[in-house]
Protein chains: 2
Amino acid sequence: MADISTCSPLTRDSVVEAHNLIKSKVHCTPVLTSTYLNQLASTPQPVTVTGDKEPAEPILRLWFKCENLQRIGAFKARGAFHAMEKLKKEPNWLENGGASKGVVCFSAGNHAQAVALAARESQITAHIVMPETSSPVKLRSVEGYDASLTLCGRFEREACAAEIIERTGARLISPFDHSDIILGQGTAGLELQEQVENLDAIVAPCSGGGLLSGTALSCEGTGIRVYGAEPEFEGADDGRRGFLSGTRVTHVETNTIADGLVGKLGVCPWNIIYERRLVSMMYAVTEENILNAMKLIFERLKLVVEPAAAVPLAVVLYNEEFREMVETTAGKDGWDVGIILSGGNVGVERISDLFAR
Amino acid sequence: MADISTCSPLTRDSVVEAHNLIKSKVHCTPVLTSTYLNQLASTPQPVTVTGDKEPAEPILRLWFKCENLQRIGAFKARGAFHAMEKLKKEPNWLENGGASKGVVCFSAGNHAQAVALAARESQITAHIVMPETSSPVKLRSVEGYDASLTLCGRFEREACAAEIIERTGARLISPFDHSDIILGQGTAGLELQEQVENLDAIVAPCSGGGLLSGTALSCEGTGIRVYGAEPEFEGADDGRRGFLSGTRVTHVETNTIADGLVGKLGVCPWNIIYERRLVSMMYAVTEENILNAMKLIFERLKLVVEPAAAVPLAVVLYNEEFREMVETTAGKDGWDVGIILSGGNVGVERISDLFAR
């Protein structure tokens with residue numbers, strides 16, 4: 001990353017500034033709607049936990065921000081391009097041979113592709129450290145962006161990246177725990193506000209928290225509420241548990257199908273989400289909820305999304321806490337809710353496995 | 001359909017007129033691009049038929065018109081809305097109780113949903129005749145649009161529709177063999193021309209021929225060439241065979257995976273496509289080509305398309321005749337080619353079956 005002294009303050013204005021830096025390099029992704037999904041979301045859902053309560057009946061109008069149609073197929077392009085632009089602006093970095101020293105990141109997924117693409121477009125060398133268990137599809141994809149690929153064992157990635165930094169002088173590009181990344185990801189929320197008037201809320205998925213905290217910054221002072229969405233399987237809802245207890249959870253190990261959301265919430269995002277209270281609440285959903293939402297996105301929006309990207313819609317449709325909150329807060333006017341479809345990097349074979357009859 | 005005397009002439013101007021009638025009722029669907037697919041299309045493909053010839057190396061820039069994101073998930077909404085608007089404008093039709101007499105169509109697929117939706121939005125009764133073998137998903141979808149559903153045996157549909165017309169006075173809405181439908185479908189090609197400057201060609205799938213002939217009309221006099229794309233399996237390339245022999249093929253029976261393209265080319269589309277020479281050539285592809293193209297659309301464009309919608313990309317990527325023609329005609333400048341992604345109505349279970357490992 002660029003030197004911390006070059007970072008902009010974590011404010012909405014800085015998200016606007018980030019957007020100005022990257023908007024010629026990333027897509028302004030479309031926003032889609034579905035009459036069917038609006039009706040479904042505004043219909044009481046069968047509640048699995050029995051009790052005295054009737055299921056909630058909120059009125060919801062949904063606006064889907066299609067970051068699955070973003071470059072490299074996920075919002076991660078925003079943070080990576082922003083990090084690269086800030087690095088290029090760091091005094092003397094380019095002059096001292098920064099471009100050939102390059103950048104390094106470790107990632108098994110979308111961040112790797114995003115850094116590889118953003119680096120290539122600025123003629124900066126990219127070193128990508130990936131787990132040796134990565135799928136051939138992902139490896140080929142990163143190689144396709146001309147990055148230098150290093151495979152490592154599961155617990156060796158930090159040592160591996162450190163060795164590359166030592167040897168080459170490359171700069172580490174963090175996946176989420178850095179201002180430049182957070183401000184970059186926040187530009188998705190900013191665009192959504194420009195594309196849809198009078199939003200009441202935005203729901204974004206939460207893993208490391210870059211997207212959620214960036215979205216929260218983009219909404220600060222606008223009156224738009226921001227909510228986080230997580231899987232609950234095997235404790236994947238670390239963000240929610242931390243949010244409710246007031247202490248950030250520092251260890252997570254889960255095999256949720258939403259494999260883009262297995263990371264734990266980072267320190268910098270936590271500060272924005274919880275300490276600064278810029279996220280109103282975190283909600284979690286079951287694996288079945290996620291699969292159902294993914295099926296609806298496929299069949300009704302005609303969009304391919306990875307399981308992680310279906311988690312916010314799953315919250316909106318199936319989380320009774322969320323739905324009761326909307327019913328109570330919004331009343332008869334209902335709410336216009338933005339939903340960030342975070343990414344679409346999933347192969348047809350995986351889809352086939354997930355929905356095999 | 002409206003009385004034939006109310007039909008506009010089959011010209012580009014009439015497509016513009018049709019667009020003005022329906023543009024507030026249908027989506028102006030987005031146009032997507034993919035750097036990866038442009039590179040792939042511009043790279044020689046392994047040729048399966050061995051011979052002395054080197055594989056062609058055309059330069060192609062592809063523009064995908066996303067009619068899978070159209071209302072009801074397919075371009076068919078355009079023709080149905082246009083037919084309904086023309087019917088409402090027929091002298092005395094509404095005054096003589098046309099809306100309650102209603103409309104009738106027989107279709108197992110997208111045309112049924114399109115007619116049901118367009119009728120509902122004008123408070124016109126819709127009678128939909130569907131094969132009793134239709135999937136529950138499709139039946140529910142049509143019922144969801146408040147249409148009156150009649151199930152019939154495979155060879156009874158015309159008798160069944162005739163009985164409804166006799167009993168109710170409803171008007172038949174043809175799926176493709178009528179000017180109002182053709183002009184409506186042509187609006188997809190018109191929008192694409194407004195969205196992408198300097199197109200050299202458009203490739204559209206061909207079944208009954210409504211979309212292909214409408215697209216051809218939308219391009220008349222513009223210099224944009226129009227090509228038809230079909231599956232070749234079990235003679236599904238009836239349009240191509242007729243085109244090459246000069247005689248329309250009047251019987252087709254095929255089980256191609258592109259189940260949206262099993263119909264035979266209609267008389268009115270044939271006249272535009274062949275007799276008026278508004279389509280430059282028809283090309284056909286294998287089942288494997290179609291599956292490969294579908295996989296690329298899923299994984300690279302992140303779009304859900306039905307197999308029929310993948311046929312034009314399959315032609316562009318895998319049909320050597322097409323590719324040689326582009327290489328020869330376009331030379332080093334290459335071509336900007338519009339590809340109509342005709343629809344996205346396919347369930348996750350079907351996708352799962354198609355791509356099962």
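The values are calculated or read from the model by the stated rules, or taken from the named source; none is laboratory data. Quick caveat: nothing in here was measured; it's all calculated off a predicted structure. Please note: Cβ atoms are built from the backbone with ideal geometry, for glycine as well, and neighbour counts cover all protein chains shown.
Being among the basic types (Lys, Arg) and surrounded by fewer than 22 Cβ atoms within 10 Å (Cβ to Cβ) is true for just one of A:Arg248, A:Arg323. Which residue is that?
Details: A:Arg323 fails: surrounded by fewer than 22 Cβ atoms within 10 Å (Cβ to Cβ).
Answer to the selection: A:Arg248.
Flag not set for A:Glu85, criterion: over 18 Å from the mean Cα position of the chain (by Cα), acidic (Asp, Glu), part of a loop (DSSP other than H, G, I, E, B) and away from every other protein chain (no Cβ under 14 Å).
Tell me whether the range A:137-145 contains one or more residues that are under 30 Å from A:Asp200 (Cβ atoms) and either in contact with a Lys or Arg (Cβ under 7 Å, 6 or more places away or on another chain) or in a loop (DSSP other than H, G, I, E, B) (or both). Full working, then the answer.
So the first thing to find is which residues in the range A:137-145 are under 30 Å from A:Asp200 (Cβ atoms), and the list is none.
No: zero hits.
Considering each of A:Val311, A:Val337 in turn, give the residue that is in a helix (DSSP H, G or I) and more than 14 Å from chain B (Cβ to nearest Cβ).
Numbers: A:Val337 fails: in a helix (DSSP H, G or I).
Only one candidate qualifies: A:Val311.
Residues in the range A:259-310 that are among the charged types (D, E, K, R), within 19 Å of A:Phe176 (Cβ to Cβ) and either touching a Pro at 6+ places or on another chain (Cβ under 8 Å) or at pLDDT below 95 (or both): 2 in all. Of everything in the range A:32-71 that is facing another protein chain (nearest Cβ under 10 Å) and of a type in the set (Val, Ile, Thr), the residue that is nearest to the chain's Cα centre (by Cα) is A:Thr33.
Given the criteria of a type in the set (Gly, Ala, Ser), modelled with pLDDT of 95 or more and outside the structural domain of A:Gly344 (by TED's automatic domain parsing), does A:Ala116 qualify? Yes, satisfied. Within the range B:23-47, being free of Cβ contacts under 8 Å to residues at least 40 places away in the same chain and touching an Asp or Glu at 6+ places or on another chain (Cβ under 9 Å) holds for B:Thr43, B:Pro44. Restricting attention to the range B:187-207, which residues are under 30 Å from B:Phe106 (Cα atoms) and either of a type in the set (Asp, Glu) or surrounded by fewer than 24 Cβ atoms within 10 Å (Cβ to Cβ) (or both)? B:Leu190, B:Glu191 - these are the residues of the range B:187-207 that are under 30 Å from B:Phe106 (Cα atoms) and either of a type in the set (Asp, Glu) or surrounded by fewer than 24 Cβ atoms within 10 Å (Cβ to Cβ) (or both). Checked against (1) part of a loop (DSSP other than H, G, I, E, B); (2) closer than 26 Å to B:Glu299 by Cα; (3) β-branched (Val, Ile, Thr), A:Ile124 passes all but condition (2).
When A:Glu321, A:Glu349, A:Glu306, A:Glu299 are checked against the criterion of being of a type outside the set (Ser, Thr, Tyr) and away from chain B (no Cβ under 14 Å), a single residue qualifies: A:Glu321. The set of residues in the range B:70-104 that are surrounded by fewer than 24 Cβ atoms within 10 Å (Cβ to Cβ), charged (D, E, K, R), in contact (Cβ under 8 Å) with a residue 12 or more places away in the chain and farther than 28 Å from A:Lys302 by Cα comprises B:Lys88, B:Lys89, B:Glu90, B:Lys101. Number of residues in the range A:10-26 that are aliphatic (A, V, I, L, M), assigned to a helix (DSSP H, G or I) and within 18 Å of A:Leu87 (Cβ to Cβ): the value is 3. You will find that of B:Ala330, B:Ala309, the residue that is assigned by TED's automatic domain parsing to the domain that holds B:Pro30, under 15 Å from B:Ala41 (Cβ atoms) and either buried (at least 24 other Cβ atoms within 10 Å of the Cβ) or touching a residue at least 40 places away in the same chain (Cβ under 8 Å) (or both) is B:Ala330 and no other.
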